[in-house]
Amino acid sequence: MACGRDTLAKLLSGVRTFETDVYPESAELFESLATSQSPSTLFITCADSRISPSLVTQTEPGELFIVRNVGNIVPAYGEMLGGVSSAIEYAVAALKVKNVVVCGHSNCGAMNALLDLNAPKLDGLPTVRSWLRNAEAARAAMGDLKAEDAGPADIRQLAEYNVLLQLAHLRTHPAVVRALSQGELTLQGWFYDIPNGEILVLDEKTRTTRSVESVLAEMGATEKEAV
């Protein structure tokens, strides 16, 4: 109990620092966000505490519309309508975001669990087991790999396959289909390598990863051609 109070006190102390030191320096920004928001990007990532979307993208409040859940999963439309589906619809149809990013990460506990959804360790987590079934197609792509034989490289590959699968699921959502058909939306998959502090961009066509630098260089070339 004391430990819980200590960690809660730490959070409250952080709030106090925000109110007295951080907010005054950005008061104008927060005042501009008081009555509306206009984020550019819907950022879908894992609930894992090691991921800080605003930190890795160096964005300010108001720039990202963030959806987090176990395994950065996007159920196919109609499969499990709820928080994720409604957030996607609102972000794309109402807020008119220009981008949707699905970001997986290294050493993902959800991917470890996905390797064997019948494992006894999930018996006490029936909701998690049911939720992860939305990623079973990514598990199938790993073939006959047994959970006990999986190493870090396998978990990483599964995490990447899962991001690609969730991008495919995104394309079943009516709001996304409509925005894509009108050329108003871009989808992109990322993999966050936590210990190396590196983001890799997943290429849906080749199913391989690319460095941020190579993608930025290509985007720069495309922008110049369009001028």
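The values are calculated or read from the model by the stated rules, or taken from the named source; none is laboratory data. The structure presented is a predicted model; accordingly, all values stated were derived computationally and were not measured. Positions of Cβ are backbone-derived with ideal geometry, glycine not excepted, and every protein chain shown enters the neighbour counts.
Yes/no matrix, rows are residues, columns are (1) at pLDDT 95 or above; (2) surrounded by fewer than 18 Cβ atoms within 10 Å (Cβ to Cβ); (3) at positive phi:
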{"position": "46", "(1), (2), (3)": "yes, no, no"}
{"position": "52", "(1), (2), (3)": "yes, yes, no"}
{"position": "67", "(1), (2), (3)": "yes, no, no"}
{"position": "71", "(1), (2), (3)": "yes, no, yes"}
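Let's see how each residue does on (1) in contact (Cβ under 8 Å) with a residue 12 or more places away in the chain; (2) in contact with a Cys (Cβ under 8 Å, 6 or more places away or on another chain); (3) under 30 Å from residue 143 (Cα atoms); (4) of a type in the set (Phe, Trp, Tyr):
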site: 19; (1), (2), (3), (4): no, no, no, no
site: 55; (1), (2), (3), (4): no, no, no, no
site: 66; (1), (2), (3), (4): yes, no, no, no
site: 87; (1), (2), (3), (4): yes, no, no, no
site: 97; (1), (2), (3), (4): yes, no, no, no
site: 100; (1), (2), (3), (4): yes, no, yes, no
site: 103; (1), (2), (3), (4): yes, yes, yes, no
site: 106; (1), (2), (3), (4): yes, no, yes, no
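Of the listed requirements (1) assigned by TED's automatic domain parsing to the domain that holds residue 107; (2) touching a Phe, Trp or Tyr at 6+ places or on another chain (Cβ under 8 Å); (3) in a helix (DSSP H, G or I), residue 54 misses just one: (2).
Please verify whether residue 91 is surrounded by 14 or more Cβ atoms within 10 Å (Cβ to Cβ) and among the aliphatic types (A, V, I, L, M), treating the condition exactly as stated. Yes; evaluated as a whole, the condition is true for this residue. Of the residues making up region 28-44, those that are in a helix (DSSP H, G or I) and surrounded by 10 or more Cβ atoms within 10 Å (Cβ to Cβ) number 3.
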